[in-house]
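Down below is the structure, laid out as structure tokens.
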Amino acid sequence: MKKFHFTLGRMLDFKNQILDKEKDTLGRIRREKNEMDEKILRYERQLAQASDEMIEKQKKGVPARQLILYSIQAEHTRQYLKQLRKEQLALEKEVERQTDVVRRASQDVSSLEKLKERQWEQYCYEANKAYQEEILEFVSGRLVRTERR
């Protein structure tokens, strides 16, 4: 019997390559989102620290000019955080979109692998049937030779 050959093997390889590429893209986007999350946390901590410093300075009595500078710095940080959160939201949407792409690519690969498995089972069935026929021919031939003697 001939060797097993999956007829859609090249398609399966191609779909696996696409899946790997899409997974890499998803990983890159997730890294970007994680970096954005960390950046936002740093700026939120910086804003909280600046706010605490301003409160301490107010308690000690500081010139109004310095308080205005703290307020301007805090407002600038808030505006920057607002922009970072917009970017973070865009990255979250991109992660969701890419996750869907990976899921669909994975389903494509999975369906081809199931098809390959079914072809393998059919191949095994046919190989087993051919083997049984070969044994039957061998046994029949032997019986015929034995009866002729």
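Every number here is computed from the coordinates shown, using simple stated rules; none is lab data. Keep in mind the model is a prediction, meaning the values are calculated, not measured. Virtual Cβ from ideal backbone geometry, glycine too; neighbours counted across all protein chains shown.
Points to keep in mind about this one:
- Acute angle (nearest 10 degrees) that the helix 9-60 long axis makes with the longest principal axis of the chain, alpha-carbon atoms: 20
- Residue-count net charge about L47 - beta-carbon cut-off 14 Å; Lys, Arg +1, Asp, Glu -1: +2
- A Förster radius of 25 Å, combined with the Cβ-Cβ distance separating D37 from S71, puts the computed FRET efficiency at roughly 0.40.
- When the chain is treated as a GNM with alpha-carbon contacts under 10 Å, the residue of A130, A74, A50 showing the greatest mean-square fluctuation is A130.
- A Förster radius of 35 Å combined with the Cβ-Cβ distance from W120 to E87 puts the calculated FRET efficiency at roughly 0.15.
- Calculated FRET value between R104 and E133, using beta carbons and R₀ = 41 Å, to 0.05: 0.40
- Given K39/K82; K39/K86; K23/K82; K23/K114; K33/K86, the pairs whose alpha carbons are separated by over 23 Å: K23/K82
- The distance from the alpha carbon centre of segment 21-37 to that of segment 43-76 is 35 Å, rounded to a whole number.
- Computed helical MRE - 222 nm, the chain, DSSP H runs ≥ 4 contributing -39500 (n - 2.57), nearest 500: -35000 deg cm²/dmol
- Formal net charge of residues neighbouring V109 (Cβ-Cβ distance under 14 Å; K, R +1; D, E -1): +2
- Helix axis angle, 64-148 relative to the chain longest principal axis, alpha carbon, degrees: 10
- Cα centroid separation, segment 106-145 to segment 81-95 (Å): 55
- Across the chain, Cα pairs under 8 Å and at least six residues apart give a relative contact order of 46 percent.
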